[in-house]
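Below is one structure, written out as structure tokens; comments come after it.
What follows is calculated from the coordinates using simple rules that are stated; it is not laboratory data. Not measured: the values here are computed from a predicted model. All Cβ positions, glycine included, derive from the backbone under ideal geometry; neighbour counts span all protein chains shown.
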Amino acid sequence: MTTQKYYQKHREEILKYAKEYNQRIEVKEHRKKYYKEYSQRPEVKEHITEYRQKHREEIKEYLKQYYQRPEIKKHIKEYKKEYQKEYYQRPEVRERERAHDRIRDKLPKRREQKNKGNKKYCEKPEVQLKNKIYRKERWAKLKLIVLTYYGGNPPKCACCNESRIEFLTIDHVNNDGKKHRKQIGSPTGGKFYRWLVQHNFPNNPLLQVLCFNCNYGKRVNGGICPHEKARGIVKDMSELK
Ligand SMILES: [Zn+2]
Ligand SMILES: [Zn+2]
């Protein structure tokens, strides 16, 4: 049997095999490597340049159509995405981008844009809810830290032993809270608690934990909680015995 005849008889099989063979990674790699070497040869290079010049328009047209193909477009898009992802994760690129951002953020236009974007983002209901939960959690954490420092673990009211966190607050033992707050820039609520943490829990003027009832009672009762007065009466009565 001649080669030609053999080929005709087994045409389908051979084509199938060739297709499979060409798909193999090692074959592709080998071809790529070979072609690279081949195209670097001076005579080949010259030939390629010549060919390109001669068929410039044809090649241009072919490439134009090639890049218009949906599967090629898709492939390029995916490749770009993948590459960009990898590229922007490189430490040196990330650092550079951050540095650029810092400069760009100083431009008035950019700042305006960013603020606008932030505002839009923050106005989304799900973002607002998330922020609300976050603020609540952060406040609870801060409050617990401060109250534990000044009111023991677990914190409780120095006057009536109330221990539910929601009822507790920081109290100035010597009723100099107003003066003290004014001295440190009048922080209120969470800001005052944060100030205490930032200043390493100072205790001058003296601070303690009271419940809101005792705190209020103390304020409207000349600096002594009504509980204290009642206790005093009981004490007096026991002294009478
Ligand atoms: Zn109390
Ligand atoms: Zn009290």
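So what is the relative contact order of the chain, in percent, for Cα pairs below 8 Å that sit 6 or more residues apart?
The value is 13 percent.
Rounded, prolate or oblate for the range 155-207? Axes are the square roots of the Cα gyration tensor eigenvalues, ordered a ≥ b ≥ c, and the cut-off for rounded is a/c under 1.5.
prolate
For the chain, divide the Cα radius of gyration by the Kirkwood radius and give the resulting Rg/Rh value with two decimals. The partial results should precede the final answer.
Working: Rg = 39.6 Å, Rh = 27.9 Å.
Result for the chain is an Rg/Rh of 1.42.
Quick query: amide H of ASP171 versus all other amide H atoms, modeled in the peptide plane; which residues come in under 5 Å with a sequence gap of 5 or more or a different chain?
GLN208, VAL209, LEU210
Return the tail of the calculated pair distribution for the range 98-241, meaning the percent of Cα-Cα pairs more than 21 Å apart.
Pairs farther apart than 21 Å: 60 percent.
Give me the dipole magnitude in Debye, nearest 20, for the chain about the Cα centre, with unit charges on the beta carbon: positive for Lys and Arg, negative for Asp and Glu.
740
Whole-Hz ³J(HN,Hα) for each residue in the range 86-91, computed from phi via Karplus 6.51 cos²θ - 1.76 cosθ + 1.60 with θ = phi - 60°, x for glycine and proline: what do you get?
Couplings: 5, 4, 6, 8, 5, x Hz.
Using 1/(1 + (r/R0)^6) with R0 = 30 angstrom and r between the beta carbons of ARG69 and GLN89, what's the FRET efficiency to the nearest 0.05?
E between ARG69 and GLN89, to the nearest 0.05, is 0.50.
Just to confirm my numbers, what's the Cα centroid distance between the range 38-70 and the range 174-205 in Å?
Answer, in whole Å: 77.
Within 10 Å of each candidate Cβ there may be at most 15 other Cβ atoms; applying that plus a DSSP loop requirement, which trypsin sites (Lys or Arg not before Pro) in the range 88-121 survive?
LYS106
Please name whichever of THR188, ASN118, LEU168 sits farthest to the positive end of the charge dipole of the chain, dipole taken about the Cα centre and charges placed at Cβ: Lys and Arg +1, Asp and Glu -1.
So the residue we want is ASN118.
Do any trypsin sites (Lys or Arg not before Pro) in the range 136-181 lie in a DSSP loop with no more than 16 other beta carbon atoms within 10 Å, and if so, which?
Here the sparse-neighbourhood loop sites are ARG164.
Be a star and scan the range 108-149 for residues whose amide nitrogen sits under 12 Å from the point 7 Å along the Cα-to-Cβ vector of ARG98.
No residue passes the distance filter.
Which GluC sites (Glu not before Pro) in the range 36-142 pass both tests, a DSSP loop state and at most 12 other beta-carbon atoms within 10 Å?
Taking the range 36-142 and a limit of 12 other Cβ atoms within 10 Å, the loop GluC sites (Glu not before Pro) found are GLU123.
What ³J(HN,Hα) values, in whole Hz, does the Karplus curve 6.51 cos²θ - 1.76 cosθ + 1.60 give for the range 102-115 when θ = phi - 60°, with x put for Gly and Pro?
For the range 102-115, the Karplus curve yields 4, 6, 4, 5, 7, 5, x, 5, 5, 4, 4, 4, 5, 4 Hz.
Using only Cα atoms, what Kirkwood radius does the range 59-134 have, in angstroms?
16.5
Could you line up CYS160, CYS122 from fewest to most neighbouring Cβ atoms inside 10 Å? Working shown, then result.
Values: CYS160 16, CYS122 10.
Going from sparsest to densest Cβ surroundings: CYS122, CYS160.
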